[in-house]
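Visitor: The structure under discussion is supplied below as structure tokens; questions concerning it will follow.
Bear in mind that the values in this text are calculations on the coordinates, not laboratory data. As the structure is a computational prediction, the values presented were derived from the model and not from experiment. Note: ideal-geometry Cβ built from the backbone for every residue, glycine included; neighbour counts use all protein chains shown.
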Amino acid sequence: MKTKFSLLTLFAVSLLAAQLSRAQGVIVANGIVTNLFPGEIDLNWPGQTTINGFGFSPVGRTYGVYSNVFAFWEPVTVGVRVFLVSSNQPISLAAIRSSSYTEISDSANPALPANPTNIINVNVPFLVGLYSGANFTQYYPPGNTIPVEYSDPVFGWAKLENINGSIQLLTGALEYKGGGIYAGTQNIIPIPEPDDLVLLALCGGILAYVRRRK
């Protein structure tokens, strides 16, 4: 009976660990890159269906020698939603749905408030949260006012800086298959998936049953 109990315990723990590991997601190596197209910051992960990127074009300055006024733009793809965030803030669907962060958008996007220009001071690094996916969860017609959500989503962050009038990527991280990421870190937010909860209950039931039999 002791051997049987040990084997069942090992099986239950291993099964649960495997499922929870899957739900915790992974950090994608080279998940945020700038070497695909000049001036474009692109997301790169195994499940993407298009090149999802964005950029900032200099359009003027309010003072000094270098441009500090930029227009946000995206190529004609699935797109990326970009938010101003602070270090350690969660980049997750729940946080995005709650409108916790200021969203950077372009004036041509009907789903977001018009924000054609952004003042970005020289030599001041800043963090942006990133949210994208393989496709839209549904079709959003022109004039729609519901912010876009994505299927098979990814969450990430990028540290950017206006260096001599050009927005440069300093560092960043992209999370895939989890629930999100904390800005400025590689700490993944796990998904409390229903299947995980069912599996946890099942494993607990197995262990409780074996203890009673013992």
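Visitor: Stokes-Einstein D for region 27-189 at 25 °C, 0.890 mPa s, Kirkwood Rh over Cα pairs, in µm²/s?
Guide: Calculated translational D: 154 µm²/s.
Visitor: Another question, then. Can you compute the FRET efficiency between Asn187 and Val69 using 1/(1 + (r/R0)^6), with r the Cβ-Cβ distance and R0 = 25 Å? Round to the nearest 0.05.
Guide: 0.15
Visitor: Compute the FRET efficiency between Ile51 and Asn88 as 1/(1 + (r/R0)^6), taking r as their Cβ-Cβ distance and R0 = 35 Å, and round to the nearest 0.05.
Guide: That pair, Ile51 with Asn88, gives E of 0.75.
Visitor: Give the order of Val28, Val80 when sorted by the count of other beta carbons within 10 angstrom, beginning with the fewest.
Guide: By the 10 Å Cβ count, ascending, the order reads Val28, Val80.
Visitor: Something else now. Please give me, ordered by residue number, the chymotrypsin sites (Phe, Trp or Tyr not before Pro) of region 41-79 that lie in loop per DSSP and have at most 13 other Cβ atoms within 10 Å.
Guide: Tyr63
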